[in-house]
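Let me begin by presenting the structure, written as structure tokens, before commenting on it.
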Amino acid sequence: MLNYATARVVGTDEAGYSVSIDVPTRTMRVDAWGFWPVDVCSTFAKSLIDGCRNAGVRRLELETSRLKPLREEGENAWLLVMGALPGIGLEAIAVRSNSLTKLQLLRIVRASPSKDLVQFP
């Protein structure tokens, strides 16, 4: 079990995400849940991209099994993240998801430069 630093939580118990980093293994874990409002979407990309850059993250683990399908603002935020991460030097991105959200995220990933880094275990 990785020893993650205290999570930063954005949003509410109903909709949001948390970000935590295990510095020794250079792994960021993101838990996402609910149907995101615009304010959550608007902070998502910056949080992940800045967090990965600042901590020298090499692996990103996304737990999205409780995330509801995204509207346009959410899709755009995920596309920004998937577009920026290869330039940061990420080696792997693991996404665990429910079936419906997985289809949406697969479509986003396939349209991004991260497509060769992402795994859906």
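None of the figures in this text is laboratory data; all of them are computed from the coordinates on show. Treat the numbers as computed from the prediction; the structure is a model and nothing was measured. Counting neighbours? That spans all protein chains shown, and the Cβs are built from the backbone with ideal geometry, glycine included.
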Full extension from residue 94 to residue 25: what is 0.36 nm times the residue separation minus their Cα-Cα distance, to one decimal in nm?
-> 23.4 nm
CD proxy, 222 nm, the chain: helix-only mean residue ellipticity via -39,500 (n - 2.57) per DSSP H run with n ≥ 4, per residue, nearest 500, stands at -13000 deg cm²/dmol
For the chain the mean separation of alpha carbon contacts under 8 Å (6+ apart) over residue count, i.e. relative contact order in percent, is 22
If the convex hull is drawn through the Cα atoms of region 8-119, its volume per residue in Å³ | 83
Output row, site residue 103, 7 Å Cα→C-beta label point, backbone N cut-off 19 Å, window region 23-54, residues 34-36
Calculate one ³J(HN,Hα) per residue across region 79-88 by plugging θ = phi - 60° into the Karplus curve 6.51 cos²θ - 1.76 cosθ + 1.60, and present them in order as whole Hz with x for glycine and proline.
-> 5, 4, 4, 5, x, 8, 5, x, x, 7
